[in-house]
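Have a look at the structure below before the remarks.
The values are calculated or read from the model by the stated rules, or taken from the named source; none is laboratory data. Predicted model, so just to flag it, every value in this text is computed and none were measured. Ideal geometry is used to build each Cβ from the backbone, glycine not excepted, and the neighbour counts take in all protein chains shown.
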Amino acid sequence: MTPLGVETAVRNCAGVSDQGRATRETEDALIAKILSGQREFFMALVRPYQRTVYAMALSSSRNKEDAEDIVQSALLKALSRLSQFRRESMFGTWLVQITINEVRMRRRKDRRIEMFSLGHTPEDKTNYVPKDFQDWREIPSEALERIEIRETLLKALASIAERYREAFVLRDVHDLSIADTATILGISRGAVKTRLHRARLMLREILAPGLSENGRLAWSAREVQKPWE
Amino acid sequence: MGISCEEVWHDLSDYIDGELNSNQHALFDAHFAGCPHCRAVLDGARNVIHLYRDERVLAMPAAVEERLQETLREHTRSPRRSFLAWGLAAAAALPLAFGLFSILPRLKRRSSSPQRDVPPGTGLVAVSQDEKIKVFHIAGCAKLEGKPKFISVEEALHDGYTPCPYCIGKARQEKNG
């Protein structure tokens with residue numbers, strides 16, 4: 001079956017829209033097809049999770065090539081171990097767990113990255129005191145069109161300790177629930193909330209003073225908006 | 001009675017995630033109304049979430065996605081074709097491999113290059129870790145170049161290795177005396 005044919009078949013038989021995330025039933029149907037030998041459906045199965053997998057890899061790697069390598073390894077491992085997937089969780093949860101394991105395994109091989117991480121403080125949110133109170137009310141959504149700003153966000157994320165970054169990516173980038181994040185990371189809900197809290201506040205402190213490396217930021221006034229108000 | 005800045009910093013994430021009860025939430029709202037510092041921290045934390053949730057941030061570049069799709073396509077081709085190809089190769093190579101094994105002990109004795117020898121008693125063949133051509137050899141084969149690695153015949157066949165023609169010729173000669 002051609003790739004286009006696969007996409008059409010997936011949409012027709014399982015009701016997946018381009019934007020929508022596959023439902024559990026959709027995933028089960030795809031997994032059944034793959035395990036019966038129609039392995040070309042694997043691409044449709046993993047597509048909704050590509051961004052999370054890539055984000056997890058990219059924010060934990062030294063460069064984009066390493067991230068690409070991690071993503072590829074994680075997806076191929078998922079493909080080769082698909083028959084071992086027990087359906088106790090969503091496929092995405094299982095896939096992200098494989099990715100996290102891949103990231104951790106590579107990190108163990110290369111301890112140098114850890115030296116640059118911030119936030120190796122005891123896991124306790126009671127001792128947090130903001131280091132500055134810079135007013136950062138304005139948010140420039142259009143600014144994200146600029147590559148240097150996206151790079152700055154990536155650098156900031158990569159600079160915080162792994163345990164905070166993992167919780168942040170799952171909860172705030174991928175929009176998983178606290179419970180699902182806890183399941184993936186194998187920690188309690190309380191620990192997820194604590195790590196998330198620290199991650200958000202550390203990133204605020206890194207980014208609030210300005211996104212340019214040498215000082216001032218400068219969001220342009222016409223880019224300003226506050227989407228939650 | 002209001003709440004302190006420290007209490008706000010402690011539970012700020014819970015406030016953002018809607019994890020506080022309505023009374024607590026109201027206390028936070030009242031605090032933010034009168035405390036510009038805590039309001040700045042709240043706005044900053046919300047900005048962070050909003051920015052990173054944007055699809056453009058941490059998005060997979062098109063070139064990376066293309067390469068990934070290509071890799072997945074290679075690995076998800078219909079298994080029937082690859083099984084057939086592997087099966088034919090195995091069918092052709094197995095008699096040769098077993099022929100080689102029948103004279104393996106004699107060849108081992110004649111080997112003059114210890115580092116190329118198959119570990120005794122293991123029933124393994126040697127493949128080169130440096131050569132690009134996928135050929136497997138028996139002990140002492142002069143055609144084996146580079147650093148040898150020892151694997152079973154089954155593994156060698158499964159991984160796409162074929163027997164070394166030189167070894168086959170040698171084996172035939174040995175067999176015929």
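Looking across A:Leu201, A:Leu185, A:Leu154, one residue alone is within 11 Å of another protein chain (Cβ to nearest Cβ) and either crowded, with 24+ Cβ neighbours inside 10 Å or farther than 25 Å from B:Pro61 by Cα (or both). It is A:Leu201. Can you spot a residue in the range A:123-143 that is at pLDDT below 85, touching a helix residue (DSSP H, G or I) at 6+ places or on another chain (Cβ under 9 Å), under 29 Å from A:Ile98 (Cβ atoms) and in a loop (DSSP other than H, G, I, E, B)? Yes, that holds for at least one residue. Being buried (at least 18 other Cβ atoms within 10 Å of the Cβ), facing another protein chain (nearest Cβ under 8 Å) and at pLDDT below 90 is the filter here, so list the residues in the range A:59-79 that pass it. Listed by number, the list holds a single entry, A:Ser59. Among the residues making up the range B:17-28, a single one is aliphatic (A, V, I, L, M), touching a helix residue (DSSP H, G or I) at 6+ places or on another chain (Cβ under 9 Å) and assigned to a helix (DSSP H, G or I): B:Leu27. Looking at the structure I just gave you, is B:Asp14 in contact with a Leu (Cβ under 8 Å, 6 or more places away or on another chain), within 10 Å of another protein chain (Cβ to nearest Cβ) and either without any contact (Cβ under 8 Å) to a residue 24 or more places away in the chain or in a helix (DSSP H, G or I) (or both)? The answer is yes for B:Asp14.
The residue that is surrounded by the fewest Cβ atoms within 10 Å (Cβ to Cβ), counting only those in the range A:80-106 that are under 13 Å from A:Leu185 (Cβ atoms) and among the β-branched types (Val, Ile, Thr), is A:Thr93. Report yes if some residue within the range B:56-72 is farther than 16 Å from A:Arg51 by Cβ, in contact with a strand residue (DSSP E or B) (Cβ under 9 Å, 6 or more places away or on another chain) and modelled with pLDDT under 90; otherwise report no. Within the range B:56-72, none of the residues are farther than 16 Å from A:Arg51 by Cβ, in contact with a strand residue (DSSP E or B) (Cβ under 9 Å, 6 or more places away or on another chain) and modelled with pLDDT under 90.
A:Tyr49: under 27 Å from A:Leu203 (Cα atoms), modelled with pLDDT of 85 or more, more than 10 Å from every other protein chain (Cβ to nearest Cβ) and part of a helix (DSSP H, G or I), yes or no? Judged against the criteria, A:Tyr49 is a match.
Contact map, the range A:55-67: first residue under 10 Å from A:Arg106 (Cα atoms) and in the same structural domain as A:Arg107 (by TED's automatic domain parsing), second residue in a helix (DSSP H, G or I) and of a type outside the set (Lys, Arg), Cβ cut-off under 7 Å, separation 6 or more or different chains; pairs are A:Ser60/A:Val103; A:Ser60/A:Glu162; A:Ser61/A:Ala67; A:Ser61/A:Ile70.
Checking each residue in the range A:25-39 for being surrounded by fewer than 18 Cβ atoms within 10 Å (Cβ to Cβ), under 12 Å from A:Arg87 (Cα atoms) and at pLDDT 85 or above picks out A:Asp28, A:Ala32.
In the range B:57-66, of all residues being exposed (fewer than 14 other Cβ atoms within 10 Å of the Cβ) and either assigned to a loop (DSSP other than H, G, I, E, B) or not hydrophobic (A, V, I, L, M, F, W, C) (or both), the one that is farthest from the other protein chains (Cβ to nearest Cβ) corresponds to B:Glu66.
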